[in-house]
1. Being touching a Ser or Thr at 6+ places or on another chain (Cβ under 9 Å) and within 28 Å of L132 (Cβ to Cβ) is the filter; apply it to the stretch 183-201 and report the residue that is modelled with the lowest pLDDT.
2. Which number in (1) in contact with a Pro (Cβ under 9 Å, 6 or more places away or on another chain); (2) outside any helix (DSSP H, G or I); (3) farther than 16 Å from L103 by Cα marks the one condition that N177 misses?
3. Which of the numbered conditions does D178 fail, given that it passes all the others? Conditions: (1) touching a residue at least 60 places away in the same chain (Cβ under 8 Å); (2) under 30 Å from H37 (Cβ atoms); (3) charged (D, E, K, R).
4. Scan the stretch 167-178 and tell me whether some residue there is open to solvent by less than 30 Å² (accessible area, probe 1.4 Å) and β-branched (V, I, T).
5. From the list V161, V231, which one is open to solvent by 50 Å² or more (accessible area, probe 1.4 Å) and either modelled with pLDDT under 85 or assigned to a loop (DSSP other than H, G, I, E, B) (or both)?
Amino acid sequence: MASEISQGLVENGYNSRTDCPAPRTTVWRLLVLQKAHRSLELPFDYGLVVNRKPEIYSAWEAERAALGQSAPTIMSASNVLDALLSVCDGDRDGIMDAALIVLLSRLTPRQISALLFHELTPGTIFWEGEHLDAVELKVHIPVGDFQAFQPRIRFVGTDAVMIKAWGAIREDEVQGNDWFFVRKPRGNSPSSLNEKWITRRVRMLMDRAGLSRPSGHARDPPWIRALGGRVP
């Protein structure tokens, strides 16, 4: 935070007792700024927010450690998702990883492994005065009452952009009724993903992001799915 802004907050009664506000406070302020930008029809860098959230949590944890407060900070599921996305590379595998993580927030590994390319419908929607990227799909293997009642799922905003980025790569590779996700083709035999491979991939990304946890279930895709949909 710029020193002028920080000092202004202190003078107005904010942050007077701490040099590093809690992550939840900072994220809330970012949401306020996002809303303000929209109301004034100003651009807002969603990508910057996604990339900076892990830094916010790192700064908070470092501050607690410096004060001798060793209790771990519990990141929300949404921030874990952002942290995972921040370690996805810009190459083919990284673009696939990002789309995979986004889809895992709403689908199970089994559903993703069965997903066909033509089942995703890319487009745009008009939301709160602006056009946003969107991707829709229908769940064919519902899990739980909610999916059974509402089998159509829509991803919007940056989530849709990441799915579309992978879809653009697959569009050049698809032949007939092909899978949406495949590992990098070896010769003429691309390999589709399975549940076990997806789980291993997620654990690898969590390790890369420094999000490993003692309990095994917290490192598995079903835990990521618990966060549900995200508002753009």
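1. L193
2. Of (1) in contact with a Pro (Cβ under 9 Å, 6 or more places away or on another chain); (2) outside any helix (DSSP H, G or I); (3) farther than 16 Å from L103 by Cα, only one is false for N177: (1).
3. Exception for D178: condition (2).
4. We begin by selecting, within the stretch 167-178, every residue open to solvent by less than 30 Å² (accessible area, probe 1.4 Å); these are 167, 170, 178.
Okay, now just the ones that are also β-branched (V, I, T), so none.
No: zero hits.
5. Values: V161 fails: either modelled with pLDDT under 85 or assigned to a loop (DSSP other than H, G, I, E, B) (or both).
Result: V231 is the single residue among V161, V231 that is open to solvent by 50 Å² or more (accessible area, probe 1.4 Å) and either modelled with pLDDT under 85 or assigned to a loop (DSSP other than H, G, I, E, B) (or both).
The values are calculated or read from the model by the stated rules, or taken from the named source; none is laboratory data. Everything numeric here is computed off the predicted structure, so don't read it as measured data. Cβ coordinates were reconstructed from backbone atoms using ideal geometry, including for glycine residues, and neighbour counts include every protein chain displayed. Quick note on the areas: whole protein, heavy atoms, side chains included, nothing else; ligands and nucleic acids left out. Shrake-Rupley method; radii C 1.70, N 1.55, O 1.52, S 1.80 Å.
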